[in-house]
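Visitor: First the structure, which I've put down as structure tokens, then a few questions once you've had a look.
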Amino acid sequence: ATPSLMIVTELTEPVALGTTRIVQRMDLRVLAYSERGDVRRDITERASLDQAPTSDDGIRYAVMSRLDLEPGWYGLRLVAHNAGSDKVGSNEFDVHVPDFAHDAVSLSGIALSMPEQTPLTTFGQLGRVVPVVPTALRRFTTSDRVVAFARVYQGGADEIVLPVTLTVQLLDAAGQAVIDTRESLGPDRFD
């Protein structure tokens with residue numbers, strides 16, 4: 001099976017004071033380039049908004065994108081286009097898609113979720129790959145409840161599934177471990 005790359009893009013836009021409703025269309029285009037610069041995937045998710053701004057005179061929403069990509073390195077470019085104002089913004093970054101089927105042990109990316117967060121208006125779907133609602137937020141307060149989700153894979157030519165030790169560390173700004181746990185994942189945890 002081809003690995004899936006999940007992208008959560010959260011957009012926040014200010015609105016003019018006194019605006020009671022926002023009706024607009026935002027297109028989020030995701031392009032994946034191979035190391036040689038060839039376009040491997042090109043998808044667009046459409047966000048059609050029709051909502052009232054929040055109490056801080058803005059709108060905030062999330063666009064979920066899923067790209068099925070073969071293992072390897074990719075350059076990604078996200079382009080947001082507001083159809084009404086014709087404004088465009090973009091972001092570029094590199095990603096590595098592991099070879100889950102052939103690597104002896106590999107770990108997916110980590111999805112962070114805030115179950116108690118006020119639900120965002122969400123466009124697009126990630127399917128059943130991630131059982132949490134991910135957030136793009138990366139700054140949290142001490143009172144926020146944050147859940148991290150990742151998958152551990154065993155692959156390779158050997159058909160024998162072995163126990164794996166999973167170590168989880170959360171470091172503070174000074175590099176000191178705030179959380180340091182280890183858990184043994186038995187063969188029964190892999191399917």
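Visitor: Which value, in Å² and to the nearest 10, is the accessible area of residue 116 when all protein chains are kept and the probe is 1.4 Å?
Guide: Counting only protein heavy atoms, the figure is 140 Å².
Visitor: Once the other residues with Cβ under 14 Å from the Cβ of residue 1 are scored (Lys, Arg +1; Asp, Glu -1), what is the net sum?
Guide: Combined, the nearby Lys, Arg, Asp and Glu give -1.
Visitor: Can you give the charge dipole size of the chain about its Cα centre, rounded to the nearest 20 debye, using +1 on the beta carbon of Lys and Arg and -1 on the beta carbon of Asp and Glu?
Guide: Computed about the Cα centre, the dipole is about 500 debye.
Visitor: Sort 110, 43 by accessible area with a 1.4 Å probe, largest first.
Guide: Result, largest first: 110, 43.
Visitor: Put +1 on the Cβ of every Lys and Arg and -1 on every Asp and Glu Cβ in the range 75-191; which of 85, 187, 164 then has its Cα farthest towards the positive end of the dipole?
Guide: Of the listed residues, the answer is 85.
Visitor: Let me ask something else. Find the eigenvalues of the gyration tensor of the Cα atoms of the range 85-191, then list the square roots of 5 times those eigenvalues as equivalent ellipsoid semi-axes, largest first, in whole angstrom.
Guide: Square roots of five times the eigenvalues give 29, 21, 15 Å.
Visitor: Rounded to whole Å and sorted largest first, what semi-axes of the equivalent ellipsoid does the C-alpha gyration tensor of the chain yield via the square root of 5 times each eigenvalue?
Guide: The equivalent ellipsoid of the chain has semi-axes of 34, 23, 14 Å.
Visitor: Across bins of 5 angstrom width beginning at 0, how are the C-alpha pair distances of the range 1-60 distributed, in whole percent?
Guide: 4, 13, 21, 17, 13, 11, 9, 7, 5, 1, 0
Visitor: Distance from the Cα centre of the range 29-74 to that of the range 133-191, in angstrom?
Guide: Cα centres, the range 29-74 to the range 133-191: 25 Å.
Visitor: Which of 117, 31, 97 sits farthest toward the positive end of the charge dipole of the chain, with +1 on the Cβ of Lys and Arg and -1 on the Cβ of Asp and Glu?
Guide: Going by the Cα projections, it comes out as 117.
Visitor: Please quote Rg/Rh for the range 49-144 to two decimal places, taking the Kirkwood radius as Rh and restricting both calculations to Cα atoms.
Guide: That ratio is 1.00, to two decimals.
Visitor: Kindly provide the pair-distance distribution of the range 148-191 built from C-alpha pairs, with 10 Å bins from 0 and whole-percent values in order of increasing distance.
Guide: Each 10 Å bin holds this share of Cα pairs: 23, 42, 23, 11, 1.
The values are calculated or read from the model by the stated rules, or taken from the named source; none is laboratory data. Only a predicted model underlies this, so the values are computations on that prediction, with no experimental measurement involved. So basically every Cβ, Gly included, is an ideal-geometry build from the backbone, and we count neighbours across all protein chains shown. Accessible surface is based on the protein model in full, side chains and every heavy atom, while ligands, DNA and RNA are left aside. Shrake-Rupley method; radii C 1.70, N 1.55, O 1.52, S 1.80 Å.
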